[in-house]
Each structure stands twice: as C-alpha cells, then as structure tokens.
2 protein chains.
Amino acid sequence: MPIERLAIIGGTGPQGRGLALRFATAGYAVVVGSRERAKAQGVVDAMQAAHPGLDVRGDDNAAAVADADAVVLALAPEGLAATIDALRERLAGRLVIDVVVPLALRDGLAEHAPPAGAGSAGELAQAMLPQSRVVGAFKTIPASHLLALERPLEGDVFVCGDDAAARADVAALVARVRNLRAVDAGPMRNARAIEGITALLVNLNRAHRAHTSIRVLGLD
Amino acid sequence: MPIERLAIIGGTGPQGRGLALRFATAGYAVVVGSRERAKAQGVVDAMQAAHPGLDVRGDDNAAAVADADAVVLALAPEGLAATIDALRERLAGRLVIDVVVPLALRDGLAEHAPPAGAGSAGELAQAMLPQSRVVGAFKTIPASHLLALERPLEGDVFVCGDDAAARADVAALVARVRNLRAVDAGPMRNARAIEGITALLVNLNRAHRAHTSIRVLGLD
C-alpha cells in the first residue's frame, strides 16, 4: 500500500525534523508528533516559516498516529521502549518505520549499545510490536544532512524488516526522497550491523571532521 | 616504515590467496605461509603459472614470518587464537595486519560472531599480541574480488588499530593496491562495526546475487 500520510513520533529531535522536512518536500503529508502538542507545533511553525507551502502539521504523539499510513519512530533510544509501550495499541496493524540508533560513548568512541535483551533497536521495536510491521530505515543518514535542504543528500538507506512487502513500501518512500537509494537489507536481524555502521560513521565524522554516509557498491 | 616484504599467514585460503595476488601485483615481495610448507608451495605454483613474474614464494608459517616487514593474518576465525599463540614471539615488534572476520550463520543469515571475551577478531588479535602493532584491514573486501585480477577492485578498506603510525603504514599499503582507498577508521575498537559490515554484505550478496563492497561518502 503506497504511503501518503506520515506521522513522525519524536519528530522534534534533529532526525525527526530532518525526516519531516525531506518527506514533506517530497510531497508527503507529514504530522510531527511530540509528547507535548505545543512543542510539535513550534517545530512545525519554524519549518513552515523557513519553507513555506509544506504539508506539515504538529500534534501530540497519540493524535499524530491516527490517520497515518506509516508511523516513523524517531525517538531518543532511551525513550523508545516507553513510547512504544504507550502507543502499542494505536500502532497495531500499522507500518512502523524505526530510525533509532542506540549509541554509547566509551573512552571517546561511539559504539553500538543495543537495548538489553535485543540485538538492535529495530529488533526491540519489532519484538515489542508483534501486531505491527516494523521496518528499520534511515539509520545511516545523518540528521545534519537531512536538515540541510539546500545540500543534495547522498548515500544508501538500508531497509530491513521481517515483512518483505513492508520493506518494499518503505523502499518506495526512500526512493521519493531525492538522491537517496534504498537497499533492501532483508530481515530485521541485519539492523544490528546497520546500527553498528552508524557508530563507525560517527567516529569517522569526529576524526575526519566530516559528515559521512555510506554506499553499497556492486548492486545492480 | 614502508612495507616491502609481506608474509601472509593462512595464505592458502581464498582471502589470503587474493591478498597475495594483489600485493604481488602491486610490486611487493610476498611469502605465502601455511602450516604445511608443501601446501603453500602448491598455492604459489598455481599463482605463478597463472600470473608469471610475480615475486611470491611459499613457506611454513614460522619461516614465512622471518623477514617480513608486515605479517598478514588471513586465518580462518576458528584458527586465529591458536595460530597467534604459536607465533606470538615471532610476531613481537612486528606490524601485524588482521583481516579476519568471524561470522556465524543463524537461520540463514550471517551475523558477526566475535570471539569469546572480545568485541571483534581485531581486538582479540591486539589483546593476544601486546608486543605487536596490530592493524585491522581488508575486512570488507571480498576474496572473490581480490582473486578476480582482471576485474577492477572497488570499495574502501577500513584501517583500524590503536597505533596511528601503523595505521598509516597499512593505509600506504592499501593505496598501492589499484583502485582501493584506505579509510583511517581509528582505534581497533571500531573493528566490531567493520566486521559487522561484512556480515551485512554477505547477506546482501546472497539476497541480491551480488558481490558487494562498501564506500564511505563525505570524506575529503
């Protein structure tokens, strides 16, 4: 089922705002969700002031989900489980796109810090949402890139999840965002490697004073 | 110190043979090491028959190490610890290049399976060789690419290790192999993410019937 309306839960953080901006620019109707409706509205007001004409509105998380064809979880890793708990019934039967990357900083290096009992945030989300089709995506695309609308995006979006049709829907969403390519990365268990890539890129960014992303060579 | 002579321990496997071929083609003097000298010699004979004029010879592992400026560990993951144990004194003071990626297959998916007590093969090698400078490299370059000499290589080589000068020596080695680019990936702890990438690429290869490698965008 093609996606037309997107809700972004935790949409006031940099990754959520960046995705909202890029999705709205690509022509989607976007609802930015936050625990506080006013906070979501403030983010949307700023976005529309900078980029008039975008189809973006703000709401609290629960209301934001109501009419969405797909719900993006753009939460801080430490808030993921609690927010999923609070929204579980509303997410049942939905396509849920998890973009969370849990990282820890140890001795000056970022490392993948998966939630207790799960190999990755994506696996946790799918385990906690057995009635939703959860797809991991956008995990290696930095928020700073998404937010810099004047700058062409680059890099691949790994799309992983246990439902192939859901992956295809998300791949079509990715393809509508200019300059991004979706790479079908198979089952959700691959999210652990994908989230690990983000840790590596964060470390490369720091060491090289760069804004890196990644591309798979040899496909097609 | 520039590398001129390379020993490849476990040089008879596909990764070892592929690296031997590429290094020799790039002008290095290469010794292929094996537990059995005759097996190493057989590999070298076949290599020289296919590509006359390469500076490659075969020897047993211990002898292969003797004059090498850098020693490549191209061992099967399950043989890594035992071989390091056997060669530890000979490797003291040396530059050691670890190319090992420990993978396990579970429910049809490859996943990173680091050795017990270590986050990665690279971290294990450095921990077991405190008197050597260990650098992880070539972990995301498939053996099939290395062995297909007629086909241009592509992709980046992540170079990680706790000694920056050793990383620079290995980066220079990488740069001499045509079409490869070295990416300085900092401390050895990043090897866990890098080895995880290989698990992901193996899964992509199977699902997409492809031979993938990876490139970092946004550097320079």
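Distance between the C-alpha centers of segment A:47-112 and segment B:62-109? Whole Å please.
43
By the gyration tensor of its Cα atoms, with a ≥ b ≥ c the square roots of the eigenvalues, what is the shape of segment A:138-189: rounded for a/c under 1.5, prolate for a/b over b/c, or oblate?
Cα axes put segment A:138-189 in the prolate bin.
Could you list which residues have their amide H under 5 Å from that of A:Gly58, counting only those 5 or more apart in sequence or on another chain, with H placed in the peptide plane?
The answer is A:Val32.
If you put a point 7 Å past Cα along the Cβ direction, how far is that point for A:Gln48 from the same point in each other copy, in nm, smallest first?
7.7
For chain B, just say rounded, prolate or oblate: build the C-alpha gyration tensor, square-root its eigenvalues into a ≥ b ≥ c, call rounded for a/c under 1.5, and beyond that prolate if a/b exceeds b/c, oblate if not.
rounded
Can you run phi through the Karplus equation (6.51, -1.76, 1.60; θ = phi - 60°) for segment B:93-110 and list ³J(HN,Hα) in whole Hz, with x for Gly and Pro?
So the J values, rounded to whole Hz, are x, 8, 7, 10, 10, 9, 10, 7, 10, x, 10, 10, 9, 9, 6, x, 10, 6.
Among A:Gly11, A:Gly27, A:Gly117, which one shows the highest mean-square fluctuation when chain A is modelled as a Gaussian network with alpha-carbon springs under 10 Å?
A:Gly117
Name the residues whose placed amide hydrogens come within less than 5 Å of the amide hydrogen of A:Asp156, ignoring near sequence neighbours (fewer than 5 apart) on the same chain.
When sequence neighbours closer than 5 places are left aside, the close amide H contacts are A:Ile214, A:Arg215, A:Val216.
May I ask you to report, in nm to one decimal and beginning with the shortest, the distances from B:Gly93 to the same position in the other copies, taking label points 7 Å along Cα-to-Cβ?
Listed shortest first, these distances are 7.4 nm.
Just to check I understand the Karplus step: with θ = phi - 60° and J = 6.51 cos²θ - 1.76 cosθ + 1.60, what whole-Hz values come out for segment A:118-135, glycine and proline as x?
Calculated HN-Hα couplings, in order: 10, x, 6, 4, x, 5, 4, 4, 5, 5, 7, 10, x, 9, 10, 9, 9, 10 Hz.
Using Cα pairs under 8 angstrom and six or more residues apart, how large is the relative contact order of segment B:126-220, in percent?
30
Which residue fluctuates most in the GNM of chain A (Cα springs below 10 Å): A:Ala185, A:Ala137, A:Ala125?
Checking each option, the largest mean-square fluctuation is seen for A:Ala185.
Most fluctuating residue of B:Ala66, B:Ala46, B:Ala121 in a GNM of chain B with Cα springs under 10 Å: which is it?
B:Ala46
Among the GluC sites (Glu not before Pro) within segment B:1-102, which fall in a DSSP loop and have no more than 15 other Cβ atoms within 10 Å of their own Cβ?
Sites meeting the loop and neighbour criteria: B:Glu4, B:Glu36.
Rounded, prolate or oblate: which one fits segment B:33-85, using the alpha carbon gyration tensor with axes a ≥ b ≥ c (rounded when a/c is under 1.5, else prolate when a/b beats b/c, else oblate)?
Prolate is the answer for segment B:33-85, as a/c is 1.5 or above and a/b outweighs b/c.
Short version: ³J(HN,Hα) in whole Hz for each residue of segment A:71-84, in order, from phi by Karplus 6.51 cos²θ - 1.76 cosθ + 1.60 (θ = phi - 60°), x for Gly and Pro, what are they?
Computed from phi, the couplings for segment A:71-84 are 10, 8, 9, 10, 8, 5, x, 6, x, 4, 5, 5, 5, 4 Hz.
Take the protein assembly as shown, drop everything but the C-alpha atoms, weight them equally and run the Debye formula without solvent; then report log10 I(q)/I(0) at 0.06, 0.10, 0.12, 0.14 Å⁻¹ to two decimals.
-0.28, -0.71, -0.93, -1.17
Go ahead and run the numbers for FRET between A:His51 and B:Arg57, Cβ-Cβ distance against an R0 of 60 Å, rounding to 0.05.
For R0 = 60 Å, the calculated efficiency reads 0.40.
If you count the DSSP beta bridges with both ends in the protein assembly as shown, what percent of them are antiparallel, to the nearest 5?
25
Just the Kirkwood number for segment B:96-216, please: inverse of mean 1/r across all distinct Cα pairs, in Å, one decimal.
Its Kirkwood hydrodynamic radius stands at 14.6 Å.
Copy-to-copy spacing for A:Leu219, label 7 Å out on the Cα-to-C-beta vector, in nm, shortest first?
Label point to label point, same position, other copies: 2.1 nm.
Let's test the formula: R0 of 25 Å, r as the Cβ-Cβ distance of A:Arg37 and A:Ala92. What FRET efficiency results, to the nearest 0.05?
The formula returns an efficiency of 0.65 here.
So what's the gap between the Cα centers of segment A:193-220 and segment B:128-183, to the nearest angstrom?
Value for the Cα centre distance between the two parts: 17 Å.
Using only DSSP helix segments of four residues or longer, with each worth -39500 (n - 2.57), what per-residue ellipticity at 222 nm results for the protein assembly as shown after dividing by its residue count and rounding to 500?
-12000 deg cm²/dmol
Read-outs throughout are calculated quantities, based only on the coordinates presented, and are distinct from any laboratory measurement. These numbers come from a predicted model, not from an experiment. Quick reminder, even Gly has a Cβ in these numbers, built from the backbone with ideal geometry, and neighbours come from all protein chains shown.
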